[in-house]
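Comments concern the structure below.
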């Protein structure tokens, strides 16, 4: 008796459900991921065993380049009232007022358009006397001017200074940050979770010490040093 041939049928796999799951997963990761912000200089932080995470809101990051240039970044609250952009705009206006008290013969002024441009900059650091000119430049030019490798004059001017009646520009910025109309940020700065110093592992200690001395002079004695989690091979 001959074998009965089974008629072959084409196999059809419905991928609709798989596509739906993929889209949902992609949407989830996009909404929950924290994207890395562009910084003026890339630093490789030193390793440590600490697993304490730096908060991503109500945080002032002091970025120190290997050559000593200092940059600041401000992350506001998740509340739209204290968003990062609004806090940066308020910060610039506060710094201008403080700066002009000490430089009455050569005050600085910023237009609304310049304040709006500043509010969108994640990491900032430029001498106040030339900041207006900086904000008028296109994005590509700003990136060049704030890059320490291309412009040695980039960064917020800082020096060892114990006279708070005549603060340096870094101290003016930090004083303005503490006085912003954001209770959560002020509380975070006060308890130490609101300030993080980020420097390269090869940055000389003397360079970082200048920043720490300035913070301690302003009674900001609590702050964290950003590190990378040490791997098993280290």
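Where a number appears in this text, it was derived from the coordinates with a stated rule and is not lab data. Since the model is a prediction, treat every value here as computed from it, not as a measurement. Please note: Cβ atoms are built from the backbone with ideal geometry, for glycine as well, and neighbour counts cover all protein chains shown.
Computed log10 I(q)/I(0) for segment 47-229 at 0.14 Å⁻¹: -0.77, from the Debye equation with unit scatterers placed on every C-alpha and solvent omitted. Computing Rg and the Kirkwood Rh from the Cα coordinates of segment 87-173 gives a ratio, Rg/Rh, of 0.95. This ranking places 60, 211, 21 by how few other beta-carbon atoms lie within 10 Å of each, fewest first, which gives 21, 211, 60.
Fewest-first ordering of 51, 98 by other beta carbons within 10 Å of each residue's beta carbon gives 51, 98.
Beta bridges per DSSP, both residues in segment 47-229: antiparallel share near 45 percent.
How much FRET efficiency would the formula 1/(1 + (r/R0)^6) give for residue 140 and residue 120, where r is the Cβ-Cβ distance and R0 is 22 Å, rounded to 0.05? The computed FRET efficiency comes out at 0.90. The average projected area of segment 130-234, computed from the convex hull of its Cα atoms over all directions, is 9.5 nm². Taking 0.36 nm per residue of separation and subtracting the Cα-Cα distance, full extension of the segment from residue 93 to residue 45 would add 14.1 nm.
Summarised in one figure, the compactness ratio Rg/Rh of segment 106-150, Cα atoms and Kirkwood Rh, is 0.94. In plain terms, the chain from residue 132 to residue 153 could stretch by 6.0 nm, reckoned as 0.36 nm per residue minus the Cα-Cα distance. The gain in end-to-end length when the residue 202 to residue 112 segment is fully stretched comes to 28.4 nm, 0.36 nm per residue minus the alpha carbon separation. Put in order of Cβ neighbour count within 10 Å, fewest first, the listed residues 205, 99 become 205, 99. Scoring 196-203, 171-178, 107-114, 217-224 by mean Cβ neighbours within 10 Å over their residues and listing the highest first yields 171-178, 196-203, 217-224, 107-114.
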